[in-house]
Amino acid sequence: VGALKAYALAVDFAGTLYMAGDFTNAGGTTVNQIAYWAGGSFGSMTGGIIGLSPTGYALAVEPSGRLAVTGRFAIAGAGSAFGIAEWNGAQFSALGSGLRSLASGGTGMYVRTIVADQATGDLYAGGVFGSAGAFKVSDGGARWNGYAWLPLDIDVAANNSGTFNAFALAPDRTLYAGGTFAGTAQAAAVAQIVNTGMGEAYPTIRVRTTSSGTARLYQMVNTL
């Protein structure tokens with residue numbers, strides 16, 4: 001692919017092959033870091049990904065058939081998209097305000113891995129970034145639930161010094177992570193409330209931390 005590097009490949013449900021990396025030419029077609037192969041030829045994707053010394057690092061096909069691309073970039077197609085964007089077959093769109101570096105307004109971010117949950121459509125992204133949407137995140141990991149970014153439920157190293165470099169999602173939806181981290185990990189607690197009757201219930205929820213700092217409730221899920 002061109003004269004430089006392809007870092008990621010993915011095949012969608014129609015058999016189209018996508019590639020992302022650090023290249024500007026694919027089979028004689030001018031592209032920007034991302035392209036596809038279909039019908040015996042390469043094609044470009046509405047301007048590709050550009051800005052911030054752009055590179056595409058990872059691809060994931062979602063259950064909807066859309067393609068998610070992560071890397072180091074500030075624009076996908078014609079719109080702003082920091083570190084991650086979604087391709088619907090015709091154009092790119094941003095996922096919220098994206099994944100950015102806290103220190104430099106997004107310019108220091110590298111989003112290195114992404115995996116799609118084929119049961120829920122959630123996206124798990126990892127790399128070097130300090131914010132995901134409205135949240136500060138530790139260890140460069142976050143989850144997109146289709147509407148908003150959420151921090152992951154685990155902190156793998158003290159002082160927010162870890163980095164996630166690779167994710168894999170098992171059929172039972174267990175998330176496996178590899179990266180640069182060592183030491184004691186902390187995981188969020190999960191509580192389940194069951195109402196076996198027919199009446200409305202108004203539970204009281206208290207959230208506390210076992211150490212210094214602030215305890216946060218990030219989401220509540222109705223499993224019915």
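Quick notes on this structure:
- The label point for residue 64 and the one for residue 88, both projected 7 Å from the Cα toward the Cβ, are 0.7 nm apart.
- Gyration tensor (alpha-carbon) shape descriptor, segment 99-154, a/c threshold 1.5: prolate
- Per-q log10 I(q)/I(0), segment 185-224, q = 0.25 Å⁻¹ (Debye; single scatterer per alpha-carbon; no solvent): -1.07
- Averaged over its residues, the chain has an accessible area of 56 Å² per residue, based on protein heavy atoms and a 1.4 Å probe.
- Spin-label model, residue 17 to residue 118: label points 7 Å out along the Cα-to-beta-carbon direction sit 2.0 nm apart.
- Shape class for segment 111-185: oblate, because the ratio a/c of the largest to smallest gyration tensor axis (alpha-carbon atoms, square roots of eigenvalues) is 1.5 or more and b/c is at least a/b.
- 3J(HN,Hα) along segment 41-54: 8, 7, x, 8, 10, 5, x, x, 10, 9, x, 6, 6, x Hz, from the Karplus curve 6.51 cos²θ - 1.76 cosθ + 1.60 with θ = phi - 60°, whole Hz, x for Gly and Pro.
- Here segment 207-221 is scanned for amide nitrogen atoms under 13 Å from the site 7 Å beyond the Cα of residue 145 along Cα-to-Cβ, giving 217-221.
- Counted residue by residue at 0.36 nm each, then reduced by the alpha carbon distance between them, the extension gain from residue 194 to residue 135 reaches 18.3 nm.
- Using a probe of 1.4 Å, the accessible surface attributed to residue 124 totals some 30 Å² when neighbouring protein chains are kept in position.
- FRET efficiency estimate (nearest 0.05) - Cβ-Cβ, residue 46 to residue 24, R0 22 angstrom: 0.90
- Inter-part distance, segment 107-180 to segment 181-224, computed on C-alpha centroids, equals 20 Å.
- Taking only the Cα atoms of the chain, the ratio Rg/Rh comes out at 1.03, with Rh defined as the Kirkwood radius.
- Viscosity 1.306 mPa s, 10 °C: Kirkwood-radius Stokes-Einstein D of segment 31-82 over Cα pairs, µm²/s: 137
- Amide H contacts of residue 92 (H built 1.01 Å from N, under 5 Å, at least 5 apart or other chain): 78
- Virtual spin-label span in nm between residue 219 and residue 5, 7 Å along Cα→Cβ: 3.2
- Once backbone amide H atoms are built at 1.01 Å from N, residue 102 has 130, 131 as its partners under 5 Å, excluding neighbours fewer than 5 places away on the same chain.
- Estimated vicinal HN-Hα couplings, Hz - segment 130-143 in sequence order (Karplus 6.51, -1.76, 1.60; Gly, Pro = x): x, 9, 10, x, 8, 9, 7, 10, 8, 6, x, x, 7, 10
The values are calculated or read from the model by the stated rules, or taken from the named source; none is laboratory data. Every value quoted in this text rests on a predicted model; they were computed, and no experiment measured them. Please note: Cβ atoms are built from the backbone with ideal geometry, for glycine as well, and neighbour counts cover all protein chains shown. Surface areas here come from the heavy atoms of the whole protein model, side chains and all, with no ligands, DNA or RNA. Shrake-Rupley method; radii C 1.70, N 1.55, O 1.52, S 1.80 Å.
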